[in-house]
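I have placed the structure first, in the form of structure tokens, so that the comments after it can refer back to it.
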């Protein structure tokens, strides 16, 4: 039977060998799991969630660089007062992508007035 210390280093080593980015947050997730007395499945889900989140973040970062956009501007930074004819509530609703799940179409026509 492995010691706790041996299991810790083996687990972290396996994450790194598999190229999983979650190895970097392994310590904090393990501490939180011990503190909150989470189940093994909850700990595994937290670890996988951290992995997926980091991969998505890096994916967006790489794609943004490859797109060679002149600057990055998010919806949070958009000044709706600059274009008062744009319905801010509607745009924020569309940003949730709920229309996709409802299988609805969205069409933008013409220039804002």
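Each row is one residue, and each column tells you yes or no for (1) more than 30 Å from residue 73 (Cα to Cα); (2) surrounded by 11 or more Cβ atoms within 10 Å (Cβ to Cβ).
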| site | (1), (2) |
| --- | --- |
| 9 | yes, yes |
| 16 | yes, yes |
| 24 | no, yes |
| 27 | yes, yes |
| 31 | yes, no |
| 42 | yes, yes |
| 45 | yes, yes |
| 50 | no, yes |
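Is the range 51-73 home to any residue that is in contact with a helix residue (DSSP H, G or I) (Cβ under 7 Å, 6 or more places away or on another chain), over 28 Å from residue 92 (Cβ atoms) and without any contact (Cβ under 8 Å) to a residue 40 or more places away in the chain?
The answer is yes, given that some residue of the range 51-73 is in contact with a helix residue (DSSP H, G or I) (Cβ under 7 Å, 6 or more places away or on another chain), over 28 Å from residue 92 (Cβ atoms) and without any contact (Cβ under 8 Å) to a residue 40 or more places away in the chain.
Given the conditions (1) under 30 Å from residue 107 (Cβ atoms); (2) not in a helix (DSSP H, G or I), and given that residue 19 satisfies all but one, which numbered condition is not satisfied?
With respect to (1) under 30 Å from residue 107 (Cβ atoms); (2) not in a helix (DSSP H, G or I), residue 19 is out only on (1).
Taking the range 13-41, which residues are modelled with pLDDT under 85 and touching a helix residue (DSSP H, G or I) at 6+ places or on another chain (Cβ under 6 Å)?
Once the filter is applied, which keeps residues that are modelled with pLDDT under 85 and touching a helix residue (DSSP H, G or I) at 6+ places or on another chain (Cβ under 6 Å), the range 13-41 yields 20, 21, 22, 23.
Can you pull out every residue in the range 74-96 that is surrounded by fewer than 10 Cβ atoms within 10 Å (Cβ to Cβ) and within 21 Å of the chain's Cα centre (by Cα)?
Scanning the range 74-96 gives 74, 76, 77, 96.
Give me the helices (runs of 4 or more DSSP H) completely within the range 27-113, filtered to those with at least 1 residues that are within 30 Å of residue 11 (Cβ to Cβ), ordered by residue number.
So the answer is 40-67.
The values are calculated or read from the model by the stated rules, or taken from the named source; none is laboratory data. Small disclaimer: the values here were computed from a predicted structure and weren't measured. When we count neighbours, we look across all protein chains shown, and the Cβ atoms used for this are built from the backbone with ideal geometry, even at glycine.
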